[in-house]
Amino acid sequence: MNTIENGFWAQSLDYVSPDLIWVNEVPITEKDELQREALVTHVSDVSVRGSKVFSSRSVRIYLHHDRVVIDITTSTEDADHRKAGVVYLVVLPKNDFAFWMEGVLERISNFAKESQREIPTDLLDTIRAGLLALKGKRLTISTAQLLQQLDQVSFLAGVALGAAGGFSLARWFLR
Amino acid sequence: MLMETPTLSDEKLNRIILTWSVASGVADITPIIGADLAAVAICQFKMFSALAREYGVTVTKERFIELLSTLVAGTGGWAATIFGASTLIQVFPGIGSALLWWQPPAIAAFTWAMGQVLKSYFPLVKEGKTWDKNSMKSAMKEALRRAKSIDWKKELGNLINWEKLILVWKSKSVIALGEEGAGKTTLSQFLQKGSIDGKYMRTTAPQKLEGRQFQLKNLNLKIKQILDFPGSNIAVGGAWKDSVVESWNDNPDANLVLYLVRAHFLKRQNRQTIHRVENDLKHIGHWLSLVRRKPACFFIVVTHCDLDQDYRDFKEQERLGEYEDAFRKIPVIMNGVLACGGWNRVKIAVGSLKTEESAAELVVQIFSQLPL
């Protein structure tokens, strides 16, 4: 099974056909059930455990570690007249964010065309705005980790100081 | 006629002190600076006056000023602590956290010590003796000796009704599962907002929704969070399984799993639905075998009943029990329930999510079946 660098998931419109799954830009058929399930599990992992960094009526973006899930409500309606969704899972880049963002938008457009889901230009603009919210997040993650470690150290230092203070107070009192 | 002086019970005094100490610790959790101090001060004043009443000491203007000056000194101390903590938080967040975590127990301990000191103060005041630094010091020593000798576990156990406390704090996380269009998002949104707007988009990426506390009929519901999953069958083996197994392993009784299915599809024996329900319940039965401690129950929630004429008729005749029984007898439900441990574990609820009233009825039906 390939490592998932990016993947698309679009539920079937007629509730009968299989959902459309692409992993690393390759369509995955029902024969490869494991790969299909793996993508869905990754998506779920990011959207449930991660944080929502952007939310509008039609676009929600989640981030968990360096994984991003873009949940798009397209203009296409399914058999139940509900707006169909397209989900894109992708890894946040280490650098050249602008290049990465243009690539993401292009791949979303291509998938929409191939899967016959309608993503109008204004929706693409919303996705672009949402992706901009991710800019600098990679740096923020490592900074946050560093701060978390500092926080733990300072917490222990605080406890030690508190205990020392309490001990001195008790000693003064018992003199 | 001689007035009989009531005998002071040390046990009763200790109970008063302990009650207000715990209350002041809890009051300190008040998340508004200033309000927490006021809440703590109120608890301490209540303790002061309760003890004064026990000793038969009148809280005079003089004593009240004495108490106020103590409180002002205390307030100054806490203001300095808060200022110091907020400054430290900016530099090292951990120190702030340490202070915040230690503050409520420290406040409780301080109030307890204050109560013990009052136990030495009030007899002196009653006898008209003076209260100086030495009396304070010996009272504090006495308090320390008591703190060492007291059986805290027993005292706290007597003070707090833990069972009641646990029940109050017990809240549920809800996981909504089921095939596409079964009403998972509608139910989730209702649990989150209490309203139904009827225009939901199809759920693709699972949604984690914040819960709330609300009253429905005679039920006080506390929902921590709601997980709304997509109904797609490829989500079952991975996304559904991971969340359900993890939440059951974490705390089976705090995580309520609801499996939604459409009434009319079941009754009409819709081939796709029957196959799906059979498969899903088999999976849930398997997940139940994987968890360390099984939940007391999980629910099959039959929705869209408003589309079934029988439901409307039975409801009108107040014979919903018979309508529900009809679903219990559907082979795919019977087999699924068997795979999940029988009707002792699997509960059923039938209804509709068409309107807020019907959704409320369905939610009440679910939650009122939960074991206490």
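Only the coordinates and a few stated rules stand behind these numbers; no lab work does. What you are looking at is a predicted structure, and each value in this text was computed from that prediction instead of being measured. Using ideal geometry, Cβ is built from the backbone for each residue, glycine included, and neighbour counts are taken over all protein chains shown.
Structure values in brief
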{"read-out": "Net charge over other residues, Cβ less than 12 angstrom from the Cβ of B:Thr204 (K, R count +1; D, E count -1)", "value": "0"}
{"read-out": "Alpha-carbon centroid distance for the pair segment A:75-101 / segment B:234-278, whole angstrom", "value": "26 Å"}
{"read-out": "Förster radius 30 Å - calculated FRET efficiency between B:Asp253 and B:Lys217, Cβ distance, rounded to 0.05", "value": "0.85"}
{"read-out": "Amide H contacts of A:Phe54 (H built 1.01 Å from N, under 5 Å, at least 5 apart or other chain)", "value": "A:Ile61"}
{"read-out": "Size-normalised alpha-carbon gyration radius of segment A:19-75, reference 2.2 N^0.38 Å", "value": "1.22"}
{"read-out": "Ranked by how many other beta carbons lie within 10 Å on average, peptides B:213-224, B:143-154 from highest", "value": "B:213-224, B:143-154"}
{"read-out": "Mean Cβ neighbour count within 10 Å, used as a protection proxy, ranking B:181-191, A:94-104 highest first", "value": "B:181-191, A:94-104"}
{"read-out": "Peptide-level mean, for A:44-53, of C-beta atoms on other protein chains within 10 Å", "value": "4"}
{"read-out": "Under Karplus coefficients 6.51, -1.76 and 1.60, residue-wise ³J(HN,Hα) of segment B:313-327 in Hz, glycine/proline x", "value": "5, 4, 5, 4, 8, 6, 10, 4, x, 5, 4, 4, 4, 4, 6"}
{"read-out": "Low-density loop positions, GluC sites (Glu not before Pro), segment B:284-353 - DSSP coil, at most 14 other Cβ in 10 Å", "value": "B:Glu318"}
{"read-out": "Point-charge dipole on Cβ atoms (K/R +1, D/E -1) for segment B:182-242, about Cα centre, debye to 20", "value": "160 debye"}
{"read-out": "³J(HN,Hα), Karplus 6.51/-1.76/1.60, whole Hz, each residue of segment B:340-354, x for Gly, Pro", "value": "9, x, x, 5, 5, 9, 8, 10, 10, 9, 10, x, 9, 10, 5"}
{"read-out": "Protection proxy ranking of B:48-55, B:228-235 - average other beta-carbon atoms within 10 Å, highest first", "value": "B:228-235, B:48-55"}
{"read-out": "Cα-projected label distance for B:Phe45 with B:Val245, points at 7 Å along beta-carbon direction, nm", "value": "5.8 nm"}
{"read-out": "Gain in span if fully extended, B:Lys153 to B:Val26, counting 0.36 nm per residue against the direct Cα distance", "value": "43.9 nm"}
{"read-out": "Peptide B:224-237 - average C-beta neighbours from other chains (10 Å radius)", "value": "4"}
{"read-out": "For B:Ile175, distant residues with modelled amide H under 5 Å away", "value": "B:Leu227, B:Leu256, B:Val257, B:Leu258"}
{"read-out": "Averaged over A:71-80, number of beta-carbon atoms from partner chains that fall within 10 Å", "value": "3"}
{"read-out": "Simple spin-label estimate for A:Ser17 and B:Thr58 in nanometres, 7 Å along Cα-Cβ", "value": "9.1 nm"}
{"read-out": "Percentage relative contact order, segment B:260-372, counting C-alpha pairs under 8 Å, at least six apart", "value": "34 percent"}
{"read-out": "Cα-Cα over 25 Å, subset of B:Lys46/B:Lys172; A:Lys83/B:Lys172; B:Lys46/B:Lys119", "value": "B:Lys46/B:Lys172; A:Lys83/B:Lys172"}
{"read-out": "Karplus 3J(HN,Hα) series, Hz, for segment A:69-81 with 6.51 cos²θ - 1.76 cosθ + 1.60 (x for Gly, Pro)", "value": "10, 10, 9, 10, 9, 7, 8, 7, 9, 8, 4, 9, 6"}
{"read-out": "Within segment B:257-351, trypsin sites (Lys or Arg not before Pro) in DSSP loop having at most 14 other beta-carbon neighbours inside 10 Å", "value": "B:Arg268, B:Arg292, B:Arg293, B:Arg319, B:Lys329"}
{"read-out": "Selected from B:Leu338, B:Gln272, B:Val363, residue furthest toward positive end of dipole (segment B:264-372; charges at beta carbon)", "value": "B:Leu338"}
{"read-out": "Pairwise label distance in nanometres, B:Glu11 with A:Val53, each label 7 Å out on the Cα-Cβ vector", "value": "6.3 nm"}
